[in-house]
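Heads up, the thing below is written out as structure tokens.
The values are calculated or read from the model by the stated rules, or taken from the named source; none is laboratory data. Please read these numbers as outputs of a predicted model, since none were measured by experiment. Cβ sites come from the backbone with ideal geometry, for glycine too, and all protein chains shown count toward neighbours. Heads up: the accessible areas ignore ligands, DNA and RNA and are worked out on the full protein's heavy atoms, side chains in. Shrake-Rupley method; radii C 1.70, N 1.55, O 1.52, S 1.80 Å.
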Amino acid sequence: MTAEELYNRLKSVQPGTVLCNYSMEKCEQMLPLVTEINERKKDQDTVILAHAYCAPEIILGVADYTGDSYKLSEDATKVSQKNILFSAVRFMGETAKILNPQKNVLIPGPLTGCSLADSITGAEVADLRKKYPDHTFVCYINTTADVKAQCDVCVTSGNVMKIVENLPTDKICFVPDRLMGQNIIDEMKRRGVKKDIVLHSGFCYVHKTYDPELIQFFRSQNSDLKVVSHPECIPEVAILSDYVGSTGQMVSYIKEQPAGSTFLLLTECGLVARMQYDYPDKHFIGSCSMCKYMKSNSLENILETLRHPEKAQSIELDEATRVAAKKCIDAMFHYAAL
Ligand code: 13P
Ligand code: SF4
């Protein structure tokens, strides 16, 4: 076989799925949707927040704010628009609603769950509190308002280590991410901070899939490779990584590295697409792991939500739950600022 014959067989293979391919023709098809969304959001006093894992056409075509959950929850407190359309998952919409009760918060995608947020209920936390009455309850931001309402302080992947270290207690119950919890235990040991941390059993189905063999394989191909992972990955992956951080922190780390660097990015593929756009002088070996929940947001359902918002897309919280959950988020802002 010649190289040309081999090429002719392989040339149609594209990285990722059809979702990731952007031809001129595809962009021409998307343009009317992008234009109508951008016009409507102005006319309808709506801001669009989009998590970094959403599809590139949302991030680069219609979003006003993008980033990780911590940045977006801060952005949500500063926006002037009456309506927040949150291209993300339900727990993020709830966080925006907790912080902005007077605003209308809408989630466009049909799959609004999250494997972490769905892994524990407020009632289960209430039971755990009876079992561990002397523990401070720390929840990851990937939780429902009901769970936050039962906890003392919330954390994000960007501030978790700082907050756990700063908490004036050494008895902590961390919910729901067992893998992030194990990473916290390891990091506290490294920092020489004594904490007794009880864990729950949740995990993110996207981040759990990466393993040390994957890192070793890519390192054997490129000894200068920089491995960047999310704290929702297993501890064996975190230990082998050059950098572990939230999606926002990974972006800052990548920005600081010299041109020509190659990164293995162990997080949802939406962030890899964004990095390829922002840093054309750097190389990215992305994973093709998609979060089905984040990727269920689309230009089509964003536009449909702007045209005909459905009641089920609007985030409603009872006031007692909202106030209790806000206390938990306010505690996060307090400890993160120390
Ligand atoms: P960040 O806090 O890094 O945005 O992560 C949220 C998330 O859902 C990761 O899977
Ligand atoms: Fe939840 Fe994982 Fe999706 Fe993040 S990537 S929203 S933790 S399921």
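Modelled label-to-label distance, Asp134 and Ala337, 7 Å Cα→beta-carbon offset: nm?
3.2
So if R0 is 35 Å, what FRET efficiency would Glu236 and Leu111 give, r being the distance between their Cβ atoms, rounded to the nearest 0.05? Mind showing how you got there, number by number?
On the way: r = 29 Å, r/R0 = 0.84.
Step by step, r from the Cβ atoms, then E = 0.75.
So what is Rg over Rh here for region 62-209, counting just Cα atoms and using Kirkwood for Rh? Could the numbers behind the result be given before it?
Details: Rg = 15.8 Å, Rh = 16.1 Å.
Computed over Cα atoms, the ratio is 0.98.
Taking 0.36 nm per intervening residue step and subtracting the Cα-Cα distance, what contour gain separates Ala312 from Tyr277 on full extension? Present the calculation step by step, with values, prior to reporting the outcome.
Working: separation 35, 0.36 × 35 = 12.60 nm, distance 3.42 nm.
Stretched out fully, the Ala312 to Tyr277 stretch lengthens by 9.2 nm.
Please list Leu10, Leu264 in order of solvent-accessible area, largest first, computed with a 1.4 Å probe with all protein chains present. Each step should come with its number before you reach the end.
Details: Leu10 95, Leu264 5 Å².
The residues order as Leu10, Leu264, largest area first.
If I build a Gaussian network model for the chain, linking alpha-carbon pairs within less than 10 angstrom, which residue out of Glu316, Glu39, Glu57 has the largest mean-square fluctuation?
Result: Glu39 has the largest fluctuation of those listed.
When the accessible area of region 282-324 is split by element with a 1.4 Å probe, what percent falls to carbon and sulfur? Show your work: numbers first, answer last.
Values: 1220 of 2240 Å².
For region 282-324, the apolar C and S fraction of the accessible surface comes to 55 percent.
First measure r as the distance between the Cβ atoms of Ser252 and Glu28, then evaluate 1/(1 + (r/R0)^6) with R0 = 30 Å and state the FRET efficiency to the nearest 0.05. Walk me through the intermediate numbers first.
On the way: r = 35 Å, r/R0 = 1.16.
With R0 = 30 Å, the Cβ-Cβ based efficiency is 0.30.
How far is it, in nm, from the label point at Ala320 to the one at Val193 when both lie 7 Å from their Cα along the line to the Cβ?
So the two model labels end up 3.4 nm from each other.
Binned at 20 Å from 0, what are the whole-percent values of the Cα-Cα distance distribution for the chain, short to long?
Result returned by the calculation: 30, 56, 13, 1.
Given the Cα-Cα distance of Asp43 and Ser201 and 0.36 nm per residue of separation, how much length would full extension add, in nm?
Working: separation 158, 0.36 × 158 = 56.88 nm, distance 4.49 nm.
Using 0.36 nm per residue and subtracting the Cα-Cα distance, I get 52.4 nm.
Restricting attention to the alpha-carbon atoms of region 201-279, what are Rg (one decimal) and Dmax (integer), both in Å?
12.1, 40
For the chain, give me the percentage of DSSP beta bridges that are antiparallel, rounded to the nearest 5 percent. Before the final figure, lay out the partial values.
Numbers: 1 of 34 bridges.
Percentage antiparallel, nearest 5: 5.
Need one number: the % of Cα-Cα pairs in region 1-92 sitting beyond the 18 Å mark. Before the final figure, lay out the partial values.
Values: 2391 of 4186 pairs.
For region 1-92, the fraction of Cα-Cα distances above 18 Å is 57 percent.
Kirkwood Rh, Cα Rg: Rg to Rh for region 193-338? It would help to have the intermediate numbers written out before the result.
Values: Rg = 19.1 Å, Rh = 18.3 Å.
Radius of gyration over Kirkwood radius for region 193-338 works out to 1.04.
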